[in-house]
Amino acid sequence: MSSKLLKQFSDRLWSDPPLRDRFIQAFDQPPPLHPCILWCEDPPSERPFTVEPPQPWQPERVDRLSLGAQPGKHSAHDRGAYYCLDFSSVFAASPLLQLSDIKTAIDVCAAPGGKSLFTWHNLQPDLLLCNEVVGKRLGTLMANLRRCQVANLSEQQVRTSIIATQLDPQLLAQDFSQAFQLVLVDAPCSGQSLLLKQKKVPGCFHKVTLNRNANRQKRIIGNAAQLVAPQGYLLYMTCTYSLEENEQICQWLLKKYPHFQSVPVPHLLDYQSHLTHLPCYRLWPHQGLGAGAFTALFQNQNLGEITAISREDLAAINRL
Ligand SMILES: C[S@@+](CC[C@H](N)C(=O)[O-])C[C@H]1O[C@@H](n2cnc3c(N)ncnc32)[C@H](O)[C@@H]1O
């Protein structure tokens, strides 16, 4: 698969030829991906699968399983005991582990639901709004939220609720300006890491694709920034490798919205991106832990009141 375009692309990421070649080799011979699960109930002391030794930063609710395990086929999966996800997603969401006392959170690009479930089960906010603009992906999101024991809460649980919506980020920004203490943007991207999962992603290294995605990401993160409450957090993630969709988006955000500041994530220090001086973290495909991910955490430095979200606001939105 090592095309001329991939080589040119890699030259922009790596000045060191041996490192560049390791990156390219991951496309020719993808390292095997261990199945991974996020426990949605307290993990049993006797796990139903053989578990790999944890990474130092690995959340307690996450198990990386031995190769060949098929957690999706187990009865515990059907009853929602856990959610199957790529370990790269755990990496990308892991900065959330350093946050506490988050009462209101929104996942702007939520389907199929991995980061929402990670947020719900690790931070237990009072309100988690899971938004997905693409109609046909909503069904999967809803099904996963229901299966993994977070939807269909009783009326008595109105303070603790998880709600799915289908709103454009621009509308969200208008309706919920500065209302969320945590905003997740797991942005749609060129999807280069899908190549390691034997999927076809035509044109994913082409500059037209990268620019188109970067423009969409700026629009999404720009609107998402407006949702962040004073002192609140914004987590930006992708599963692609280009500079345009990752470090450059972060630089753009900080320039356009100077009241945001990058937040270091001490447990990811070993994964600092060599492509920026900002605290941005990358899991590379040749590191053998997953197909790859990018993650960066920001905080709104403004002081002031958090916009309250009323029952009426919640009733008015497109509750699915
Ligand atoms: C990387 S996926 C999200 C994965 C999800 N966070 C998870 O962990 O399961 C990106 C999502 O963004 C959605 N999306 C596409 N275009 C969008 C847009 N213009 N604004 C917001 N979301 C968009 C896609 O439908 C897709 O579900």
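The values are calculated or read from the model by the stated rules, or taken from the named source; none is laboratory data. Note that this is a predicted model, so its numbers are computed, not measured. Here the Cβ positions follow ideal geometry from the backbone for every residue, glycine too, while neighbour counts run over all protein chains shown. Heads up: the accessible areas ignore ligands, DNA and RNA and are worked out on the full protein's heavy atoms, side chains in. Shrake-Rupley method; radii C 1.70, N 1.55, O 1.52, S 1.80 Å.
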Seminar exercise, completed: If you go through Leu141, Leu99, Leu123, the only one that is surrounded by 23 or more Cβ atoms within 10 Å (Cβ to Cβ) and not hydroxyl-bearing (Ser, Thr, Tyr) is Leu141
Seminar exercise, completed: Selection from the range 87-111 of residues away from the ligand (no atom under 16 Å from the Cβ) and touching a Ser or Thr at 6+ places or on another chain (Cβ under 9 Å) yields Ile102
Problem set entry | Failed item in (1) buried (at least 18 other Cβ atoms within 10 Å of the Cβ); (2) within 22 Å of the chain's Cα centre (by Cα), with Glu60 passing the rest | (1)
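For Leu67, indicate whether it is without any contact (Cβ under 8 Å) to a residue 40 or more places away in the chain and part of a loop (DSSP other than H, G, I, E, B).
Yes: the conditions hold for Leu67.
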For this session: Would you please name the residue that is nearest to Arg282 (Cα to Cα), looking only at residues in the range 1-16 that are in a helix (DSSP H, G or I) and out of contact with any helix residue (DSSP H, G or I) (no Cβ under 9 Å at 6 or more places or on another chain)?
Result: Arg12
Exercise. If only one of Arg79, Arg137 is more than 9 Å from the ligand (Cβ to nearest atom) and basic (Lys, Arg), which one is it?
Worked result: Arg79
For this session: May I ask you to say which residue of Cys84, Cys130 is within 17 Å of Cys40 (Cβ to Cβ), open to solvent by 40 Å² or more (accessible area, probe 1.4 Å) and within 13 Å of the ligand (Cβ to nearest atom)?
Result: Cys84
Problem set entry | Members of the range 102-117 that are under 21 Å from Tyr82 (Cα atoms) and open to solvent by 30 Å² or more (accessible area, probe 1.4 Å) | Pro112
Problem set entry | Qualifying residue in the range 208-218 (condition: open to solvent by 10 Å² or more (accessible area, probe 1.4 Å), more than 15 Å from the ligand (Cβ to nearest atom), within 19 Å of Tyr236 (Cβ to Cβ) and at pLDDT 95 or above) | yes
Exercise. What's the number of the condition Asn131 fails, among (1) closer than 15 Å to Leu184 by Cβ; (2) touching a residue at least 60 places away in the same chain (Cβ under 8 Å)?
Worked result: (2)
Exercise. Tell me, which residue of the range 219-252 that is polar (S, T, N, Q) and under 26 Å from Leu196 (Cα atoms) is nearest to the ligand (Cβ to nearest atom)?
Worked result: Thr238
Problem set entry | Subset of the range 271-316 [surrounded by 20 or more Cβ atoms within 10 Å (Cβ to Cβ) and under 16 Å from Ala179 (Cβ atoms)] | Asn300
